[in-house]
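Read the structure below first, then the notes.
The values are calculated or read from the model by the stated rules, or taken from the named source; none is laboratory data. Computed from a predicted structure; not experimentally measured. Cβ: placed from backbone, ideal geometry, glycine included. Neighbour counts: every protein chain shown. Note: accessible area is taken over every heavy atom of the protein model, side chains too, but ligands, DNA and RNA are not part of it. Shrake-Rupley method; radii C 1.70, N 1.55, O 1.52, S 1.80 Å.
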Amino acid sequence: MLDAQVLRDRLKFLISKRDSLVRLLEQPDLGTLRIDVNQALEELDDLIDEFKRTFPDAELS
């Protein structure tokens, strides 16, 4: 079972990769992959929001 610190560390790692998805989304030649990248960003944002609701006092910075 994962404890809150492990979850926090893993989420911090994912947040650090979020900018890569944003940069990828800005590529003009992305084609239909844009849909998948956009969905990944939305799901990551949902995950971050859910974590913040579950652990309101947790620092992610």
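Structural remarks
- Helix 33-54 vs. the chain, principal-axis angle (Cα, 0 to 90°, nearest 10): 20 degrees
- Of the accessible area of the chain, computed with a 1.4 Å probe over protein heavy atoms only, carbon and sulfur atoms account for 54 percent.
- Here r is the Cβ-Cβ distance between residue 29 and residue 7 and R0 is 35 Å; the resulting FRET efficiency, rounded to 0.05, is 0.45.
- Taking 0.36 nm per residue of separation and subtracting the Cα-Cα distance, full extension of the segment from residue 55 to residue 18 would add 11.3 nm.
- Accessible area expressed per residue, region 20-61, with surrounding protein chains retained (probe 1.4 Å, Å²): 77 Å²
- Per-residue surface analysis assigns residue 26 an accessible area of about 130 Å², computed on protein heavy atoms at 1.4 Å probe radius.
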